[in-house]
Amino acid sequence: MPQHAEKSAPRGRWAITRRSPLLWRSWDDDEYVVYSAASGDTHLINAVTAAVLHHLERSALELPDLIHTVAEALDTKVDEQFESYIARLLVYLDQIGLVESVP
Amino acid sequence: MKLSDLSESELLSRCRGAGLAWRVEPFAVRVKTRLPDVARGLHFLYADFRLLKQDAVVDAELIVRRKLPMAGWVSIRVDGTVHYNWLRRKLVTPMVEWTMNVSMFQRPHQYFLVHAGVVARGDRAAILPGRAGSGKSTLAAALVGRGWRLLSDEVALIRPTDGLIQPVPRPISLKEESIDIIRRAFPDAVLGPEWPGTTKGTVAHMLPPSDSVTRAGEPARPTWLIFPIFDKGASATLEPMTKAKALMRTADNAFNYSVLGRQGFELLADLIDRCECHEFRYGNLEEALRRFDRLEPSTPVVSPTGT
């Protein structure tokens, strides 16, 4: 994720881009590859990003719920740094067309 | 009948007339030209390849003509379209070979195409992806000199139906100092003339062994995916690469990944599933070959078709 991604994600619910089903492959717990049918792009992602996308694939979530769900899945405590990371990550995933805010 | 079975007059007559057509498995090509040196060059490079009827249906047809009245220049057309319009006559033979290479791999999207050398031991293939300068052609030529079967110098053709690699053995294009390295290391290897002054520097072609040409109909199982890096003076080191990173690197080297879309991702991921993935740094060819001699699959190879 580039450092210049904005710090805060817009309020509201987030989901996987509707027109872009994702194809997944992984061979270990640290690295995943995900293919976006909409853009034709393939992304190498880490476990945190994979957890975010997995949960948003299941259902649309608001940012606070997403943060807690992902933290629980990764057995990580929620602190300011983690919240900020997920918020910036969401903005970045939005920029590359993998997620979108939904009504 | 092979190209080598043609007499000089038959060869020139075909080239001047309806064309010289032959199989470069799994493709067919035809060349029409009145330039005898081009005809002789192809006769040498493709001596062991199967001749086709002159009117055979082909995947690519090249027409090589003089730019009259400019005696020192030629043009090359591919399927009726000008590919090179002003080409120096003295470099025409290597450029015809290069044009065949480009035209052959432009459209066969029935395969997943990866820019890679491919060699096989038994039915197990090592795919060596890499761009120009990575040392893949030199390594592939050396492995062929060591007894590996040549499947391809340039492009891995992966069959979507069963995930196997379709051989397309053609002359190996060696550049600059690689030419002497291969000549010295493998005195029995058959190399053609050197062509200085091409856009890739001095080029010479190593002929594929007859056995590789004869067995072009035998596909091989992808077993190793090895990214070579030539690093002068470096010891040969074979480092494991994570499969996710190998997938991304292979996608970078694939010609038609975006054309195939979702199917391309599935094919690539299946390929990665089947392969042991490594980065291979080498600075000395003999040491590199010794490392490849010890290469064994760590897991039993399972047929992609489940048989």
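The values are calculated or read from the model by the stated rules, or taken from the named source; none is laboratory data. Model, not experiment: these values are computed from the prediction. In this analysis, Cβ positions are derived from the backbone assuming ideal geometry, glycine residues included, and neighbour counts consider all displayed protein chains. These accessible areas exclude ligands, DNA and RNA; they are computed on the full protein's heavy atoms, side chains included. Shrake-Rupley method; radii C 1.70, N 1.55, O 1.52, S 1.80 Å.
A few notes on this one:
- Of B:I76, B:W22, B:M1, farthest towards positive along the dipole that unit charges on Lys, Arg, Asp, Glu beta carbons give chain B: B:I76
- Taking the protein heavy atoms of chain B in the context of the full set of protein chains, the accessible area attributed to carbon and sulfur is 50 percent at 1.4 Å.
- With distances taken between every two different alpha-carbon atoms, the stretch B:173-261 has a Kirkwood hydrodynamic radius of 16.7 Å.
- Axial C-alpha extent at least 18 Å, average Kyte-Doolittle at least -1.0 - helices from chain A (DSSP): A:80-95
- Three-way shape label, the stretch B:84-201, alpha-carbon gyration tensor, a/c 1.5: oblate
- Taking packing as the residue-averaged number of other Cβ atoms within 10 angstrom, the listed peptides B:66-79, B:278-291, B:156-169 run from highest to lowest as B:156-169, B:278-291, B:66-79.
- Environment charge at B:A18 (Cβ cut-off 11 Å; Lys +1, Arg +1, Asp -1, Glu -1): +3
- Alpha-carbon gyration tensor eigenvalues x 5, square-rooted, for the stretch B:250-297, Å: 30, 13, 6
- Overall Cα dimensions of the protein assembly as shown, principal axis frame, Å, largest first: 82, 47, 43
- Calculated diffusion of the stretch B:1-134, Stokes-Einstein form, Kirkwood radius summed over Cα pairs, 37 °C and 0.692 mPa s, µm²/s: 206 µm²/s
- Virtual spin-label span in nm between B:E176 and B:E266, 7 Å along Cα→Cβ: 4.3 nm
- For chain B, convex hull of alpha carbons as volume per residue, Å³: 131 Å³
- Remark: mean inter-chain Cβ contacts per residue of B:218-228 equal 0, using a 10 Å Cβ-Cβ cutoff to other protein chain atoms.
- Estimated distance in nm for a label pair at A:W24 and A:V102, the labels positioned 7 Å out from Cα along Cα-to-Cβ: 1.6 nm
- Efficiency of FRET from Cβ geometry, B:E10 and B:S75, R₀ 41 Å, rounded to 0.05: 0.95
- Estimated translational D of chain A in µm²/s (Stokes, Kirkwood radius over Cα pairs; 4 °C; 1.567 mPa s): 95 µm²/s
- Local electrostatic count, B:P171, Cβ distance below 12 Å [Lys/Arg +1, Asp/Glu -1]: -3
- Förster radius 51 Å - calculated FRET efficiency between A:E83 and B:Q106, Cβ distance, rounded to 0.05: 0.50
- Sites B:K53 and B:R89 - FRET efficiency at Förster radius 22 Å, r taken between beta-carbons, to 0.05: 0.15
- Gyration tensor (alpha-carbon) shape descriptor, the stretch A:11-60, a/c threshold 1.5: oblate
- Between the Cα long axis of helix B:92-104 and the first principal axis of chain B there is an angle of about 50°, rounded to the nearest 10.
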